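The values are calculated or read from the model by the stated rules, or taken from the named source; none is laboratory data. This is a predicted model, so every value here is computed, not measured. All Cβ positions, glycine included, derive from the backbone under ideal geometry; neighbour counts span all protein chains shown. Accessible surface is based on the protein model in full, side chains and every heavy atom, while ligands, DNA and RNA are left aside. Shrake-Rupley method; radii C 1.70, N 1.55, O 1.52, S 1.80 Å.
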Amino acid sequence: MAEWDRTVDLLVMGSGAAGMGAAVRGHDLGLDVLLVEKSDLYGGNSAMSGGVCWVANNPGMAKEGIEDSDEDGFRYLKHITKGEVPDEMLWLYVRESKRVLAYLHDKTHVRYVPLAKYTDYYPEAPGGRPGGRSMDPLPFDGAKLREDLIRLRRPHPQSQILGKFGITAREAQAAIGVGFKTMLFMAWQMFLYGLRYFKRKRWGRDTKLCAGNSLMGRLLYSLKERSVPAWLNTGVTELVFEEGKVVGAVLDKEGTPLRVKANRGVLLAAGGFSRNLEMREQYQRRPITTEWTAGTPSNTGDAIRMGRDAGAALGLMDEAWWTPVSLVPKSPFSWVLVVEKSLPHGLFVNQAGRRFTNEAAPYIDVVNGMYDDVARTGAADPRWFHMFDASYRKSSVAGPIAPGKVMPDKQLPRRYRDGNYLYRADTIEELCEQLKIPAATVKATIARFNEYARKGEDPDFNRGWSAQDRYYGDPRVKPNCSLGPIETAPFYAVQIYPGDLGTKGGLLTDAHARVLKQDGDPIPGLYAAGNSTASVMGRTYPGAGGTIGPALTFGFLAAEDAAAQRTNEERQEAAE
Ligand SMILES: Cc1cc2nc3c(=O)[nH]c(=O)nc-3n(C[C@H](O)[C@H](O)[C@H](O)COP(=O)(O)OP(=O)(O)OC[C@H]3O[C@@H](n4cnc5c(N)ncnc54)[C@H](O)[C@@H]3O)c2cc1C
């Protein structure tokens with residue numbers, strides 16, 4: 001019989017949305033839970049994220065006057081997943097995500113409000129909605145976490161206004177542009193930031209938590225309130241089996257090996273493998289690297305490897321939550337082109353100077369467009385650029401570069417200009433010379449695009465047709481707020497890459513989040529949730545929050561199934 005250093009009911013690997021949600025639920029069901037986190041910070045990608053959670057027919061929608069139904073939620077998911085996900089799993093998600101959301105609101109500090117105008121990513125698809133299913137976490141006062149505040153992973157730098165404070169998704173839309181309203185909003189936020197000076201001094205960072213930091217701050221607060229142990233700097237290194245059942249795990253706790261027995265199971269919630277080059281090269285399309293992900297360095301596929309070695313079946317390993325990104329000098333994370341890709345007076349071209357996709361499409365589709373482009377052109381050194389003109393530059397952001405009205409070219413730090421990040425030239429020819437792409441083709445591409453922009457339609461790629469494309473458009477630009485000609489000098493470009501928000505392939509699981517073997521049977525005692533699993537969303541992305549919604553939901557389902565298991569001792573007692 002193995003020697004154990006500690007015995008618990010449920011061992012949770014990873015402190016992201018999937019792991020922390022499960023730990024809270026497991027505790028509330030009476031389980032003795034231990035959560036372990038490999039890195040020195042809580043929260044994983046979930047803390048760096050927008051924190052948005054996608055739930056069809058959520059109760060907040062009715063309050064906003066938006067009609068929805070479970071049937072439409074299912075119809076939508078069935079349509080966009082294109083038959084790759086069994087109906088019962090889609091129904092499960094529609095039903096259970098609502099229940100989990102209600103539980104989080106009732107029993108924990110997590111609070112979501114629907115983004116009434118944030119469209120599904122395919123709002124025109126059967127069952128799609130023009131808003132309300134994507135939900136935004138309400139801001140949270142990080143001071144409540146006290147010393148734990150500095151142990152919460154910081155937000156992605158691109159979500160920090162002036163590198164200082166966060167805003168909610170709802171506020172973000174108001175903050176786009178450089179109009180009077182935006183200036184007023186910013187001034188007000190700066191004033192509030194000033195008021196938090198003493199709190200900031202006391203707790204070591206700004207205390208207004210928004211987006212993913214709010215979600216994870218709220219979950220961490222709920223976990224600590226329940227006194228659930230959550231160990232940092234503690235990685236799961238090995239699963240322990242007895243007669244084919246997972247009975248515990250070996251941990252590396254700050255360099256010391258510890259054997260932990262888990263009577264009701266081990267939950268693998270250690271995120272995906274976006275930072276594991278070997279796995280990315282083994283499973284994914286080329287070009288691929290670990291440098292283009294926007295997420296945390298600690299997501300190295302540990303859970304997926306452990307499950308795979310235990311005989312688990314894998315799915316969707318070639319997939320990720322793709323998004324076009326740029327590489328900002330001195331930033332350890334790539335920057336996501338959420339807003340930029342939809343703004344008028346800009347387009348994307350490849351190394352041949354041609355457009356290759358609808359730039360304003362959901363980000364997962366834009367990157368699929370990049371990979372399709374590689375397959376089509378056979379380019380040995382594929383490169384892509386976001387190109388725009390002075391009208392764009394004047395009033396729109398480009399990664400860390402604020403609109404020209406606020407941050408004129410002359411004031412740009414050297415690390416951003418002269419092709420270090422932003423390329424600039426007085427003519428298209430000169431710009432193309434800098435980018436080493438054919439000017440004649442680019443000029444023809446732009447001429448065609450400008451003709452479309454003036455008519456407000458894009459017969460090549462349908463940009464601006466969907467309400468999703470127009471969400472971040474500029475309403476002042478007519479007839480289509482996502483399409484504006486590129487005609488005013490100087491001209492600019494930023495190189496873009498096929499990046500991701502995390503990977504979405506991994507262990508196959510069932511309706512109870514049990515990890516499945518190749519033959520479809522569960523591996524007893526082993527659960528998985530979040531990006532350690534093959535996503536219930538298949539190869540698609542239903543809307544903002546389409547990853548955190550399932551992470552929370554399947555984390556809950558795992559904890560509930562574990563709580564329903566009887567330990568050997570209980571079984572014996574029942575038999576006697
Ligand atoms: C900039 C950005 C914005 C995003 N916005 C959104 C959004 O608004 N909505 C949405 O749905 N998704 C969003 N995403 C994606 C989302 O963040 C992830 O898909 C989601 O957070 C994954 O949750 P998770 O619990 O599976 O993993 P994570 O939150 O990544 O947590 C996994 C944790 O496991 C730990 N771990 C790894 N190995 C071990 C080990 N051996 N032992 C112990 N612990 C280990 C990691 O250190 C990490 O802390 C965004 C991502 C980024 C980067």
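Contact order for region 513-568, expressed relative to its length and based on alpha carbon pairs under 8 Å spaced 6+ residues apart, stands at 35 percent.
Each 5 Å bin from zero holds the following percent of Cα-Cα pairs in region 78-176: 2, 10, 13, 18, 18, 16, 12, 7, 4, 0. Note: relative contact order over region 216-262, using C-alpha pairs below 8 Å and six or more positions apart, is 25 percent. Atom-type composition of the exposed protein surface of the chain places 51 percent of the accessible area on carbon and sulfur (1.4 angstrom probe).
Helix 211-225 and the longest principal axis of the Cα set of the chain meet at an angle near 20°. Counting only alpha carbon atoms, the long axis of helix 363-377 and the longest principal axis of the chain meet at about 70°.
Per-residue 3J(HN,Hα) values for region 191-201, derived from phi via the Karplus relation 6.51 cos²θ - 1.76 cosθ + 1.60 with θ = phi - 60°, read 4, 5, 4, x, 4, 8, 3, 5, 5, 4, 4 Hz in sequence order (x marks Gly and Pro). Residue-wise HN-Hα couplings along region 478-484, as the Karplus relation 6.51 cos²θ - 1.76 cosθ + 1.60 with θ = phi - 60° gives them from phi, are 10, x, 10, 5, 9, 10, x Hz; Gly and Pro carry x.
In this structure, Gln282 and Leu184 have a Cβ-Cβ separation that, at R0 = 51 Å, corresponds to a calculated FRET efficiency of about 0.50. Packing order of peptides 515-524, 68-77, highest average first: 68-77, 515-524 (average count of other Cβ atoms within 10 Å over each peptide's residues).
With respect to the chain, whose longest principal axis is taken over its alpha-carbon atoms, helix 17-28 is tilted by about 30°.
Amide H contacts of Leu239: Val250, each under 5 Å away and 5 or more positions distant or on a separate chain (H built 1.01 Å from N in the peptide plane; Pro and chain starts excluded). Relative contact order of the chain: 22 percent, from C-alpha pairs under 8 Å at least 6 residues apart in sequence. Classify region 14-62 from the C-alpha gyration tensor, please: rounded if a/c falls under 1.5, else prolate or oblate depending on whether a/b exceeds b/c. Since a/c reaches 1.5 but b/c is at least a/b, the shape of region 14-62 is classed as oblate. Quick one: which residues, 5+ away or cross-chain, put their amide H under 5 Å from the amide H of Tyr42? H built at 1.01 Å from N. Amide H to amide H, under 5 Å and 5 or more residues apart or across chains, Tyr42 pairs with Leu152, Arg153. Normalised per residue, the accessible area of region 1-79 is 36 Å², obtained with a 1.4 Å probe and no contribution from ligands, DNA or RNA.
When each of the peptides 233-239, 246-252 is scored by how many other beta carbons lie within 10 Å of its residues on average, the order from highest to lowest is 246-252, 233-239. Computed over protein heavy atoms with a 1.4 Å probe, the accessible surface of region 129-282 works out to 44 Å² per residue.
Peptides 330-339, 99-108 ranked from most to least packed by the mean count of surrounding Cβ atoms within 10 Å: 330-339, 99-108.
For Lys253, the residues whose amide H sits under 5 Å from its own are Leu258, ignoring neighbours fewer than 5 places away on the same chain, with H placed 1.01 Å from N. A simple rule links phi to the HN-Hα coupling: the Karplus curve 6.51 cos²θ - 1.76 cosθ + 1.60 with θ = phi - 60°, which for region 536-542 gives 5, 8, x, 8, 10, 9, x Hz, with x for Gly and Pro.
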